[in-house]
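Down below is the structure, laid out as C-alpha cells.
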Amino acid sequence: MKPNSPGASRHQIQNHFFTTPTEELVQRGFATCQQTMGKSVLLRGLIEFTNHCNCNCLYCGIRRGNQAIRRYRLAEEEILELVARGRELQLSTFVLQGGEDPEWHTDRICRLVERIKAFTGPAAAVTLSCGNRTPAEYRSMASAGADRYLIRFETSDPELYARLHHGQSLAERLDAVRAVQAAGLQTGSGFMTGLPGQTVETELNNILLSKELELDMVGVGPFIPHPQTPLASSRQQGLEATIRATALLRLALPQAHLPATTSAGSLAADGREQMIAAGANVLMPNITTKDFRKDYALYPGKICLDETDIEGAVQGLVPTLATLGKKLSFARGDAPIWSSSNQQI
Ligand code: 5AD
C-alpha cells in the first residue's frame, strides 16, 4: 500500500462490516497498520487538568449533575511540572483534557499553551481536548501554539446525539469538528461503541463518518455505564464492536492515528493490546497527578489509577508490544500530512 493511500472505500467498509469475520478483520487492520505506520506505537502523555464541567451528557461521570464526585482543577504551575516530568521521560506529546470548565476560558488555555511551548520548544506537541468552543477560539488556540485538538462526535445518529446531550445537535458538533480543521489544528474525533440506543447501522455510520471527516486521529472506546449517571442501568456490551471498529478504521483511514483507549483497557485487561493487534498505533499514559486521577471518572473501573511510576507503567507495556511485533516510539507523531508539510517549510 502506498503511504498516501486513500484507504478502503465506503462500499468496501460496508461489506467488511457486515461480512468479514473478526479474526480476519483484525489481521487486515494490523497488516495495514504495519504498512502505513510501521512498528511504532506512539506515546501521548495525558493530563486531565479539570473535571469541572458545564455539560450534562447522560453517559459521562463528570457531568454537571453528578454531585457525588470531588471536583478539582490543576493549577498552571502543576500542569507545567507534569509536562517537565513528561519531558524527562522523553514524552513529546501532551494531551490536556478537561471538562467544559468556565474557569478555564480560552484565553487562560492559550496562556498556558504559550507557557508549555516556551518550555518545550517545537520538540513537543500540545493537544487540547476541552469541548465545544467557537471557530475564533480554535484559531486563538492554534495561534498560541496548540498543535492538535480532540473533539469526539460520540455517535453519528442525530436523534441519539440530541437525547444524550440535552438537545444539543450533532450538526453543531460536526461544525465544531470542521472549525477545528479550518483553524489548522490536527484534528481528532471519534465515538463510543455500544451506546444504549445505538443500532448496528449507527455503528457502521460512525466509521463512515470518521472517513468522511478525513480525521487525523480517531478515538474509539466502549461505552461503560457509570453508576452516578442516568444511564447507570444500561447494558454493558462487549469489546468486540470496538475491536472491529479499530480494524475498519485502519482500513478506511490508513494514516490516521488510532489510540488504544483507556476505556478498552478498563473493560478488558488486554483491551488496549487487542486494539493494537487490530491496527491501533497510539498509547496515552495518564500522567495526571495521582491523587486526582480517580476523580476524572468518566466511567467506572478506569485503569492506571494507582501507578505512581509512569515510566514503569509505560515500560511495562514493552514486552506485550514486542510479542505483537511493535515498539514504543517517543516521536511527536504528527499526522503524516502535517509532518510532510512541515518538512517543506
Ligand atoms: N464510557 C466510555 N467512554 C466515555 N466517555 C465519556 N463517558 C464515557 C463512558 N461512560 C468518553 C467520551 C468522551 C471521552 C473523553 O470519553 O467519548 O469524548
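So which residues in segment 193-219 are under 16 Å from Y161 (Cβ atoms) and not in a helix (DSSP H, G or I), if there are any at all? Hits for segment 193-219 are T193, G194, L195, P196, G197, Q198, T199, L213.
Given the criteria within 22 Å of I116 (Cβ to Cβ) and either touching a Pro at 6+ places or on another chain (Cβ under 9 Å) or open to solvent by less than 70 Å² (accessible area, probe 1.4 Å) (or both), does I69 qualify?
Working: within 22 Å of I116 (Cβ to Cβ): no; either touching a Pro at 6+ places or on another chain (Cβ under 9 Å) or open to solvent by less than 70 Å² (accessible area, probe 1.4 Å) (or both): yes.
No: the conditions fail for I69.
Considered as a group, the residues in segment 320-341 that are out of contact with any helix residue (DSSP H, G or I) (no Cβ under 9 Å at 6 or more places or on another chain) and closer than 22 Å to A182 by Cβ include one that is modelled with the highest pLDDT, and that residue is A335. When the residues of segment 207-241 are filtered to those that are more than 10 Å from the ligand (Cβ to nearest atom) and among the β-branched types (V, I, T), the one that is nearest to G301 (Cα to Cα) is V218. Within segment 187-201, the set of residues being more than 12 Å from the ligand (Cβ to nearest atom) and either open to solvent by 10 Å² or more (accessible area, probe 1.4 Å) or of a type in the set (D, E) (or both) comprises G197, Q198, T199, V200, E201. Within segment 113-124, residues that are in contact (Cβ under 8 Å) with a residue 40 or more places away in the chain have Cβ atoms under 8 Å from residues that are surrounded by 13 or more Cβ atoms within 10 Å (Cβ to Cβ) and hydroxyl-bearing (S, T, Y) in these pairs: A123/S92; A124/S92; A124/T93, counting only partners at least 6 apart in sequence or on another chain.
In this structure, does D306 turn out to be open to solvent by 10 Å² or more (accessible area, probe 1.4 Å), assigned to a loop (DSSP other than H, G, I, E, B) and either touching a Phe, Trp or Tyr at 6+ places or on another chain (Cβ under 8 Å) or of a type in the set (K, R) (or both)?
No, not satisfied.
Close contacts from segment 218-233, counting a first residue that is within 9 Å of Y59 (Cα to Cα) and a second that is part of a strand (DSSP E or B) and more than 7 Å from the ligand (Cβ to nearest atom), with Cβ to Cβ under 8 Å and a gap of 6+ residues or different chains, come to F223/T193. Here is the figure for segment 101-117: residues that are assigned to a loop (DSSP other than H, G, I, E, B) and surrounded by 17 or more Cβ atoms within 10 Å (Cβ to Cβ) total 2.
The values are calculated or read from the model by the stated rules, or taken from the named source; none is laboratory data. Remember, predicted model here, so these are calculated numbers, not experimental data. We place every Cβ from the backbone using ideal geometry, glycine too, and count neighbours over all the protein chains shown. Note: areas computed on protein heavy atoms with side chains; ligands, DNA, RNA excluded. Shrake-Rupley method; radii C 1.70, N 1.55, O 1.52, S 1.80 Å.
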